[in-house]
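Participant: Have a look at this one before I ask anything.
The values are calculated or read from the model by the stated rules, or taken from the named source; none is laboratory data. These figures come from a predicted structure and were not determined experimentally. With ideal geometry, Cβ positions are generated from the backbone for all residues, glycine too; neighbour counts draw on all protein chains shown. The area values use the complete protein model at the heavy-atom level, side chains included, leaving out ligands, DNA and RNA. Shrake-Rupley method; radii C 1.70, N 1.55, O 1.52, S 1.80 Å.
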Amino acid sequence: MKNVYVLGNWKSNKNPQEAIAWRDIYLQHANELPKTVKIILCPAYHHLPLFDLSTFPSLLGVQDISSFDTGAYTGEITASMVKGIVQYAMIGHSERRKYLLETDEQVGQKVKKAIESRIIPVVCISDIEQAKKLCSFIPDYAGKGLILYETLTAIGSGQAGTPESANAAAKEIVDILGAVEVLYGGSVVPENVARFTSQQYISGVGVGGASLNAEKFIKIITNAS
Ligand code: PGA
């Protein structure tokens, strides 16, 4: 049986009051969450203390991690700073590659830092070349982290890719990296999630916009199982 993951990526959204309101709705529905789905919530750093891991029914992740070690790097959040608070770190999201000019080299460096702190990396890739680059930096990546595959045209557009093409891309990624778990991302909603999670090579989904609404996110998790 493959794992099924649902990763919620809040991106740069929500003030503290909005985050608390989301959390409270989510907790009210906690008993509806299927035990078979691994849920990873990736809010912004400053929201993390709102989630008490001993009672919160999901795992936590950050949306980025520094390529530096702890020290004099103003504004950076390093892996050892969030060790014990989060279990996962998204790395190399296409928005960071586009707007912050993050390179494959930096992605490789960040992955190393996450692994050193025993934080599981979720490397985001939007084309097969990026998988090859990751393999060249971290040849044994499979078994150490996850991949979130997201086509640029599907992100935030309301036009998800087809499950079949996502599955074919996931297979290609597995062929390159070995037995890595691949999540699909890009306009995932409650209505389409099962069509992705039922594909052979897809082990879950990454959800941006639809994760901002707690009820919608819960529906995605329920339908993903
Ligand atoms: P979306 O974003 O669900 O809003 O398309 C996905 C992502 O970029 O992680």
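Participant: If the requirement is being modelled with pLDDT under 95 and not β-branched (Val, Ile, Thr), which of these qualifies: 211, 225, 198, 187?
Facilitator: Every option except 225 fails the conditions.
Participant: Restricting the search to region 138-163, which residues are open to solvent by 70 Å² or more (accessible area, probe 1.4 Å) and more than 18 Å from residue 190 (Cα to Cα)?
Facilitator: Passing the criteria: 139, 140, 143, 144, 152, 153.
Participant: Check whether at least one residue in region 57-78 is out of contact with any strand residue (DSSP E or B) (no Cβ under 6 Å at 6 or more places or on another chain), buried (at least 19 other Cβ atoms within 10 Å of the Cβ) and more than 17 Å from residue 111 (Cα to Cα), and report yes or no.
Facilitator: No, because not a single residue in region 57-78 is out of contact with any strand residue (DSSP E or B) (no Cβ under 6 Å at 6 or more places or on another chain), buried (at least 19 other Cβ atoms within 10 Å of the Cβ) and more than 17 Å from residue 111 (Cα to Cα).
Participant: Additional query: Quick check: anything in region 209-218 closer than 14 Å to residue 8 by Cβ and touching a His at 6+ places or on another chain (Cβ under 6 Å)?
Facilitator: The answer is yes; a qualifying residue exists.
Participant: Taking the criterion of being farther than 19 Å from residue 93 by Cβ and in contact with a helix residue (DSSP H, G or I) (Cβ under 8 Å, 6 or more places away or on another chain), would at least one residue in region 145-159 satisfy it?
Facilitator: Among the residues of region 145-159, not one is farther than 19 Å from residue 93 by Cβ and in contact with a helix residue (DSSP H, G or I) (Cβ under 8 Å, 6 or more places away or on another chain), which makes the answer no.
Participant: Would you check which residues across region 11-49 are surrounded by fewer than 21 Cβ atoms within 10 Å (Cβ to Cβ), in contact with a strand residue (DSSP E or B) (Cβ under 8 Å, 6 or more places away or on another chain) and closer than 15 Å to residue 62 by Cα and list them?
Facilitator: 45, 48
Participant: Select from region 79-109 the residues that are open to solvent by 40 Å² or more (accessible area, probe 1.4 Å), acidic (Asp, Glu) and either free of Cβ contacts under 8 Å to residues at least 24 places away in the same chain or within 16 Å of the ligand (Cβ to nearest atom) (or both) and list them in ascending order.
Facilitator: 95 - this is the single residue of region 79-109 that is open to solvent by 40 Å² or more (accessible area, probe 1.4 Å), acidic (Asp, Glu) and either free of Cβ contacts under 8 Å to residues at least 24 places away in the same chain or within 16 Å of the ligand (Cβ to nearest atom) (or both).
Participant: Restricting to region 31-42, count the residues that are under 24 Å from residue 184 (Cα atoms), without any contact (Cβ under 8 Å) to a residue 60 or more places away in the chain and more than 13 Å from the ligand (Cβ to nearest atom).
Facilitator: Qualifying residue count for the region: 1.
Participant: To continue, here is another question. Could you tell me whether region 5-26 includes any residue that is more than 19 Å from the chain's Cα centre (by Cα), under 28 Å from residue 181 (Cα atoms) and not charged (D, E, K, R)?
Facilitator: no
Participant: So in region 1-10, with the set limited to residues that are more than 16 Å from the ligand (Cβ to nearest atom) and assigned to a loop (DSSP other than H, G, I, E, B), which one is least open to solvent (accessible area, probe 1.4 Å)?
Facilitator: In this case the residue turns out to be 3.
Participant: For residues that are more than 16 Å from the ligand (Cβ to nearest atom) and of a type in the set (Gly, Ala, Ser), tally how many sit in region 11-21.
Facilitator: Going through region 11-21 one residue at a time, the tally reaches 2.
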